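Once you've had a glance at the structure underneath, I'll fire off some questions.
Every number in this text was worked out from the coordinates using simple rules, so none of it is lab data. Since the structure is predicted, the reported quantities are computational estimates derived from the model, not experimental observations. Please note: Cβ atoms are built from the backbone with ideal geometry, for glycine as well, and neighbour counts cover all protein chains shown.
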Amino acid sequence: MRHSRAMVAALSIAALASCTSEEPHDEGQPSTSPVWMKIESSSDFVRGEPGPLALAVDNSESKRSNVDVSLSISLQHAPKGDVAIEYQDLGSSSWKTLRLSSKAAGSNKDLSGTFQTALPSGRSTFNLRLTPGMRPTDSGQSIGVTARISKARTSVAVAHGSARLTNFQVAEDSGAEYVQRGGGWSEYDFSVKNRSAVDYPKIQILAFLCEDVEGDCRAAESTSALSVQWKTANGWKELKIPSPGPTPTSDAVQSLEDDAALVSDIGLSRDESKPLHFRIKETGDLRAGSWQGQIQLTARLKGAKSTTAFSSKGIAFHIK
């Protein structure tokens, strides 16, 4: 089993939010256009809460110009619900509501709105806020966003992005960066909340080790070199390494816990939040090397035919 360094870094609490930035697509605009744009975001989006979006623009023209900024919202990959968009004029701290209308009569799957602004020379950022009015019902659901800048009715820049809907929120309340070799317990505290439209019958907790070898993190040592415990109402309970059994019902399980300490009997109902407490120590059996590990939390939903991993979040630690 191989876990790349990129996976460990990407799942660390410091980088939990999923960036929705994407490079702009040309869609027929001239390659010599003086304006370049991309959509940026640093968070997932929660029903009823404004989430930040930004249009990063680079205008190589030497002077300001008046432009139209059009936003197209696609709900093709989102549950039924409303969306609200707000924007700020450059240099202003106040928010204005962007009026959205349906592109087709009787359809609420495609919305659009336009505002006028002055585009200065050089780099500038237009701040937006998107507030979804729906909860996700499945993994990976998102709201599509396309931004277009037009000058004198001619498109000069187009960018595409997506606002991913949050289903499983994880916050690290406290956590040690290092687990000491042969030392005492290092503790990790999380807060988890179910933001989806369904109940999670189980939150699966994984803990595993991997060795950094030439930029690759290779799980060449069993997690038995760690003692991992989680705190229950009756005190601390050891996480066990699962014994070989039937073929897992999810690719996520197959790829994550070949040698992982595991607990998976924590339920989380819709809108429910819980604190989760863990502690880790090295047992003294770990050979020399550059080792890192991770505690990973995965929300799972058991459907009629399979078990689906809705979301995975985690925290990385190092053996010192």
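Quick one: F126, F168, F115, fewest Cβ neighbours within 10 Å first, how do they rank?
Least crowded to most crowded, the residues run F115, F126, F168.
Provide D110, D285 in ascending order of the number of other Cβ atoms located within 10 Å of each residue's Cβ, fewest first.
D285, D110
Show me 169-175, 72-78, 291-297, 144-150 ranked by packing, highest mean number of other Cβ atoms within 10 Å first.
Details: 169-175: 15.6, 72-78: 18.6, 291-297: 23.3, 144-150: 21.0.
So the peptides 169-175, 72-78, 291-297, 144-150, ranked by packing, come out 291-297, 144-150, 72-78, 169-175.
Which residues' amide hydrogens lie under 5 Å from the amide hydrogen of D199, considering only partners 5 or more residues apart or on another chain, with H built in the peptide plane?
The list, which skips near neighbours in sequence, is R270.
Separate question: Using the count of nearby Cβ atoms within 10 Å as a rough guide to exposure, how do W185, W230 rank from fewest to most?
Going from sparsest to densest Cβ surroundings: W185, W230.
On to the next question. Check cross-link reach from K202 to the lysines: straight Cα distance under 28 Å, and skip same-chain residues fewer than eight apart.
Result set, ordered by chain and number: K80, K193, K231, K237, K240, K274, K281, K302, K305, K313.
Quick one: Karplus J couplings for segment 275-291, per residue in order, coefficients 6.51, -1.76, 1.60, θ = phi - 60°, nearest Hz, x for Gly and Pro?
With the stated coefficients, segment 275-291 comes to x, 10, 10, 9, 9, 9, 9, 7, 7, x, 9, 7, 5, 4, x, 9, 10 Hz.
Oh, and also: Calculate the spin-label point distance for D68 paired with E238, positioning each point 7 Å from the Cα along the beta-carbon direction, and give it in nanometres.
That separation, rounded to one decimal, is 6.9 nm.
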